[in-house]
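Rule-based calculations on the coordinates, nothing more; no lab input. Source: prediction; values computed, not measured. When we count neighbours, we look across all protein chains shown, and the Cβ atoms used for this are built from the backbone with ideal geometry, even at glycine.
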Amino acid sequence: MSLSAVVDFYISLLGAEMYKESYNIDALAENFKENPGTGLAYLWKIIINVIIVIYSARLKKYYSSRWFNIIYFLFFIGLITYYMFPVGAISFSRPFRYFYIFQSIMLSYFVYYLYKNKTVNNGILMGMILLSFLGIFYLHHISSNQDSHLWYQFYFQNQINT
């Protein structure tokens, strides 16, 4: 069974013609090639997520609650699916996008763990995390243009801007 048959079947379930033009095998291959998130912030988020996974046994032992285990499980599902599907494949990633919020929640748990367990390594790691996020935020504001904060346009903006 070919991959295109599976994708065509999935697209037909979602509304066929509406998705067929933008979500075919060629479009998905282009999304893999033209992934916009390959900069410093994207790589740093990958490194932070790997560090959190490495520290997962210590975090589970420190928090040792059912609530934390649920949050960690949802974080891990979101993490896997975030890197599994290309950015533009909304029809594939839509069911999992609700789990992406758990990355920031888990980062908060992780930084709090580093703060409470004050060793030299944990202090250095916590300082690197905080300073790097502040640096990336500041660098983004320096290098961004006037409209980089907008993720969408209203249909009437073309008439306003002209």
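Pairs meeting the criteria (first residue in region 114-126 and more than 12 Å from Y62 (Cβ to Cβ) and touching a residue at least 12 places away in the same chain (Cβ under 8 Å), second residue hydrophobic (A, V, I, L, M, F, W, C) and surrounded by 12 or more Cβ atoms within 10 Å (Cβ to Cβ), beta carbons under 7 Å, at least 6 apart or on different chains) are L125/L114; M126/V111; M126/L114. Out of L74, L79, one residue alone is surrounded by 16 or more Cβ atoms within 10 Å (Cβ to Cβ) and either of a type in the set (K, R) or over 13 Å from N49 (Cα atoms) (or both). It is L74.
Of all the helices (runs of 4 or more DSSP H) wholly in region 41-118, which have at least 3 residues that are within 19 Å of the chain's Cα centre (by Cα)? Outline the logic, then answer.
On the way: elements: 56-63, 66-84, 90-93, 102-116.
Of the helices (runs of 4 or more DSSP H) lying wholly inside region 41-118, those with at least 3 residues that are within 19 Å of the chain's Cα centre (by Cα) span 66-84, 90-93, 102-116.
Which ones in region 52-85 are under 16 Å from F102 (Cβ atoms) and either touching a residue at least 40 places away in the same chain (Cβ under 8 Å) or of a type in the set (G, A, S) (or both)?
Going residue by residue through region 52-85, those that are under 16 Å from F102 (Cβ atoms) are 52-53, 55-56, 59-60, 63, 65-84.
Across region 52-85, the qualifying residues are I52, Y55, S56, L59, Y63, S65, F68, G78.
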